[in-house]
Amino acid sequence: MSILSQVILSSLVKAGVNFAVSVPDTLFAEVLEKLEDVGIIHVPVTREEEGVGVAAGAYLGGKRPVILMQNSGLGNCMNALLSLNKTFGIPLLMLISQRGGRREKVVAQIPMGKATIPLLKAACIPFYVSESLQQLSEHVVEAANHAWRDEIPVAVIVRRELVEEDRGY
C-alpha cells in the first residue's frame, strides 16, 4: 500500500471517523479498498450530492462521516452542503482530490481545478491544503475536529503532487 494511502487511513482513524461515503476516484482507490479493514463502514455512491445526504443520515445516526471525492464533484454537491449541512449544523469531513493542476492531462479538469478553492471560499466552507504527507496527516485530524466542533462541512484538498512525493519524485 502506498504511503499516501497509509497516511489517509491512519489519519481518518485518529480523527475518529467511522463512516465513509465515496464517489470513485483513482487517487483514493487504495484507501477505498481498505476502509473496512480499519473499521470504517464504507458506502459507495454514484453522485456527490447523494453522498452528502447519506453522510448526513449517518451523522444523525451517531456516526462520524467523511466523504471522499474528486474536486470535479464539488460543484455537484454544493447545494446539498449549503442547504443541508450548513443550514442544519451537520458536520462533514470532506477529502477532495485535486484535479486540474499543473501537468493535468485532461483538459476538461482544468476549469474546476481553478475554481475549487474560490468555490469553497465563496461558500464559506473552511479548507486545508497540504504541502506534504506529514501536513496532510495533521490536516485531516484538524479538519475533522473543526467540522465536529463547529458543526459544519470542512474540506481537505489532497493535491495530486502528494502522489509524486509518495513515489519519491
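The values are calculated or read from the model by the stated rules, or taken from the named source; none is laboratory data. Every value quoted in this text rests on a predicted model; they were computed, and no experiment measured them. Cβ coordinates were reconstructed from backbone atoms using ideal geometry, including for glycine residues, and neighbour counts include every protein chain displayed.
Quick look at the numbers
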{"read-out": "Test for Lys105: is it within 23 Å of Ser5 (Cα to Cα), over 15 Å from the mean Cα position of the chain (by Cα) and free of Cβ contacts under 8 Å to residues at least 24 places away in the same chain", "value": "yes"}
{"read-out": "Selected residue (criterion: surrounded by the most Cβ atoms within 10 Å (Cβ to Cβ)) from residues of segment 134-157 that are part of a strand (DSSP E or B) and among the aliphatic types (A, V, I, L, M)", "value": "Ala155"}
{"read-out": "Residue selected from segment 100-133 under the condition in contact with a strand residue (DSSP E or B) (Cβ under 6 Å, 6 or more places away or on another chain) and in a loop (DSSP other than H, G, I, E, B), by the criterion surrounded by the fewest Cβ atoms within 10 Å (Cβ to Cβ)", "value": "Pro126"}
{"read-out": "Neighbours by Cβ (under 7 Å, 6+ apart or cross-chain): first from segment 41-55, over 10 Å from Ile67 (Cα atoms); second at pLDDT 95 or above and aromatic (Phe, Trp, Tyr)", "value": "Ile41/Phe19"}
{"read-out": "Candidates Leu27, Leu4, Leu12, filtered to the one that is surrounded by 16 or more Cβ atoms within 10 Å (Cβ to Cβ) and part of a loop (DSSP other than H, G, I, E, B)", "value": "Leu27"}
